[in-house]
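**Student:** Handing you a structure now.
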Amino acid sequence: MENNSNSASPKPSASSLRWKILRRAVLSRSKNPEDESQLGLKLISRKAAKGFNLIPCQLLHHDHESRDARFCYTLPIQGCPKLVLTQRMDNNADLSDFEICNRHNIDNTGLVCQWPSEDVLAYFCLSHADMFRSKRVIELGSGYGLAGLAIAAATEALEVVISDGNPQVVDYILHNINTNSEAFGETRVKSMQLHWNQKEVSNLSHTFDFIVASDCTFFKEFHKDLARITELLLKKEGPSEAIFFNPRRGNSLDKFLEEIEETGLVFSITEIYDTEIWKRHQRFMNGDESWPGYEKDHCYPLLIRITR
């Protein structure tokens, strides 16, 4: 086939982009790193050296023969217990991770690292702890489950279900729930493997007061399923709400919200929702070198509130 140098390069598909993200996790030190701008990877709010650094995190232990490490998260609430999470070291994946991702048609990025929007979600929920008291809460696409665990430890929620579609990630969630079980008081905390394309969710349909999620709207191929599962899980009787934190990333967020409207749900978008988070965002915009390449459209999570 003749190569026309004047023709526009095709936009990478969501699946190919997902594989390139994972490839970077394996080849974290390439001698000839690819130009991220050509791959579109700069559209991901990648974990920087510190991210927003809203919940202080300290490395407790890393066995260099293992891919895992234990981290201690200090929740910014006086008297609240610390959380110890086992998670992968950043950019540490192997071919078995690729195979599981492909077999289940899932987004495996939750296994790669703790993403900045999860930190923002956890901080926001802790800052509004009263609204979760005596409520049933589910976190979607949770990764290692920081936000769900923080809600369980600090808000007196009735129940917290921490879910992800990747069975490897769910194993980490269950381990982290067991590790921190004494921090949850009377709150029931469960892990769950949940694929957004599931047509039915046994005993869970229309039972949750709150859904929380972060950085779940990048891949457009999952938008319709994510919108549908959101409608399926929210309670019909009485008030219920989904709280999503996502960067805009071109038209990706707008496309997801079109799917939300198709389900009959309504939404609001808030840009300035917390003074401390906004202050840090402005600092990054002004060139704070702790987050190189920070861009508002691709990195700053907007608050999306979805209701019936």
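The values are calculated or read from the model by the stated rules, or taken from the named source; none is laboratory data. Not measured: the values here are computed from a predicted model. Because the Cβ atoms are built from the backbone with ideal geometry, glycine has one as well, and the counts that use them run over all protein chains shown. For accessibility, only protein heavy atoms count, side chains too; no ligands or nucleic acids. Shrake-Rupley method; radii C 1.70, N 1.55, O 1.52, S 1.80 Å.
**Student:** List pairs: first in the range 190-204 and within 23 Å of residue 151 (Cβ to Cβ) and charged (D, E, K, R), second modelled with pLDDT of 95 or more and part of a strand (DSSP E or B), Cβ under 8 Å, 6+ apart or cross-chain?
**Tutor:** Taking only residues 6 or more apart or on different chains, the pairs are 190/159; 190/160; 190/161; 190/162.
**Student:** What residue, among those in the range 184-213 that are in contact with an Asp or Glu (Cβ under 6 Å, 6 or more places away or on another chain) and assigned to a loop (DSSP other than H, G, I, E, B), is surrounded by the fewest Cβ atoms within 10 Å (Cβ to Cβ)?
**Tutor:** Filtering the range 184-213 for residues that are in contact with an Asp or Glu (Cβ under 6 Å, 6 or more places away or on another chain) and assigned to a loop (DSSP other than H, G, I, E, B), the one surrounded by the fewest Cβ atoms within 10 Å (Cβ to Cβ) comes out as 197.
**Student:** Within the range 141-160, track down each residue that is crowded, with 24+ Cβ neighbours inside 10 Å and not in a loop (DSSP other than H, G, I, E, B).
**Tutor:** 146, 147, 148, 149, 150, 151, 152, 153, 154, 160
**Student:** Let me ask something additional. Residue 217 - would you say it is among the polar types (S, T, N, Q) and surrounded by fewer than 14 Cβ atoms within 10 Å (Cβ to Cβ)?
**Tutor:** Details: among the polar types (S, T, N, Q): yes; surrounded by fewer than 14 Cβ atoms within 10 Å (Cβ to Cβ): no.
So residue 217 does not fit the description; no.
**Student:** Just to be sure I understand the filter: pairs with C-beta atoms under 6 Å, separated by 6 or more residues or on different chains, first member in the range 43-72 and farther than 30 Å from residue 297 by Cα and modelled with pLDDT of 75 or more, second member in a loop (DSSP other than H, G, I, E, B) and of a type in the set (S, T, N, Q). Which pairs pass?
**Tutor:** Between residues of the range 43-72 that are farther than 30 Å from residue 297 by Cα and modelled with pLDDT of 75 or more and residues that are in a loop (DSSP other than H, G, I, E, B) and of a type in the set (S, T, N, Q), the close pairs are 67/92.
**Student:** A further question on this structure: Could you tell me whether the range 166-178 includes any residue that is open to solvent by 20 Å² or more (accessible area, probe 1.4 Å), of a type in the set (S, T, N, Q), at pLDDT below 95 and part of a helix (DSSP H, G or I)?
**Tutor:** yes
**Student:** Consider the range 113-136. How many of its residues are more than 14 Å from residue 244 (Cα to Cα), in a helix (DSSP H, G or I) and either touching a Lys or Arg at 6+ places or on another chain (Cβ under 8 Å) or acidic (Asp, Glu) (or both)?
**Tutor:** The qualifying residues number 1.
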